[in-house]
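Here's the structure, in structure tokens; my notes come after.
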Ligand code: PEP
Ligand code: MN
């Protein structure tokens, strides 16, 4: 696969590509006009003065890889920069349950230093008989809490038909179960808002980065990769947090990497160590579930931190960040 980085004018190369037997796709990304061309045998034959540089990409993922883009991508969500020197923490309940619950948690996590408010309005539950989330009402509550605290929001989209409700959402989460829902990935790519892309619990790092390619191929470069644990034979934790995979993703991709220590932990007592390990491994962002009364939560009750546990964790994150030369 080749990425041609084009000078502004590129009609002439398009004509040549159309006449050749090469396949190609053009996309504007990070202010650059790109032409992705394959197979290699055809791509090397194309020559045109409108091509600034031709980069041969050897990995199965293309746009999310750093062979053509050496500099790290910083994803800006309402002025909060993910992928720079600061470690960004997003926190909030697994699911939006009520206005009181979200306001209490939003105030608590903001005080503790979180930069984002998370909370699911549309919940991907294993059983259709479990709490499915409040839907549009949930988004409304989240938005109100965001306006009152100033924290931008991140919330999961399950179905592109719900996008009209996501107008005032700041970052769209694509959950583990939809990590390879390619039509949904294309839709959020076109929608254009920043995307937090979870790794599917059965996906390799290559597959995860290829999923990111679907969003990027639509011209949306604001993608943050999120490791949330994979399925292995080990059942002492809910999922196995793949710290190694996260390190590899950071090495292979220019995109920022987030870690969600809550879902692999499955137990609030394990969240702290997984969060700290992720930061030590280079995570740019953390996504942490916090609930004012976790034992009463309607989903993921065992793994949600209390507000005071979260405060304690933030103090430790602050200490660790200093040691590794990052800020929070
Ligand atoms: C969540 O963040 O609450 C969630 C459902 O995450 P995942 O898709 O990783 O299971
Ligand atoms: Mn959850």
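Each reported figure results from applying straightforward, stated rules to the coordinates on display, with no laboratory input. Values in this document were obtained by computation on a predicted structure and should not be read as measured data. Note: ideal-geometry Cβ built from the backbone for every residue, glycine included; neighbour counts use all protein chains shown.
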Legend entry - FRET efficiency for residue 32 and residue 147, using Cβ-Cβ distance with R0 set to 30 Å, rounded to 0.05: 0.30
Inset, instruction - For the stretch 1-120, count the residues as N, evaluate 2.2 N^0.38 Å, and divide the Cα radius of gyration by that value, please. - result: 1.60
Inset, instruction - Kindly express, to the nearest 10 degrees and within the range 0 to 90, the angle between helix 99-112's C-alpha long axis and the longest C-alpha principal axis of the chain. - result: 80 degrees
Inset, instruction - Distance between Cα centroids, the stretch 118-176 to the stretch 49-88: provide it in whole Å. - result: 27 Å
Legend entry - Residue exposure sequence - 263, 235, 291, 254 - by fewest surrounding Cβ within 10 Å: 235, 254, 263, 291
Inset, instruction - Give the whole-number value, in cubic angstrom per residue, of the convex hull volume spanned by the C-alpha atoms of the chain. - result: 135 Å³
Inset, instruction - Enumerate the whole-percent occupancy of each 10 Å bin, from 0 to the last occupied one, for all C-alpha pair distances of the stretch 175-263. - result: 19, 52, 25, 4, 0
Inset, instruction - Enter the Cα centre distance for the pair the stretch 180-227 and the stretch 247-304, rounded to the nearest angstrom. - result: 19 Å
Inset, instruction - Starting with the fewest neighbours, write out 216, 29 ranked by other beta-carbon atoms found within 10 Å of each beta-carbon. - result: 29, 216
Legend entry - Kirkwood-type radius of the stretch 261-328, with distances r between different C-alpha atoms, in Å: 12.2 Å
Legend entry - Cα pair distances of the stretch 2-56 binned at 5 Å [whole percent]: 4, 22, 38, 27, 8, 1
Inset, instruction - For a footprinting-style exposure proxy, rank 208, 68 by other Cβ within 10 Å, fewest first. - result: 68, 208
Inset, instruction - Give the percent of DSSP beta bridges with both residues in the chain that are antiparallel, rounded to the nearest 5. - result: 45 percent
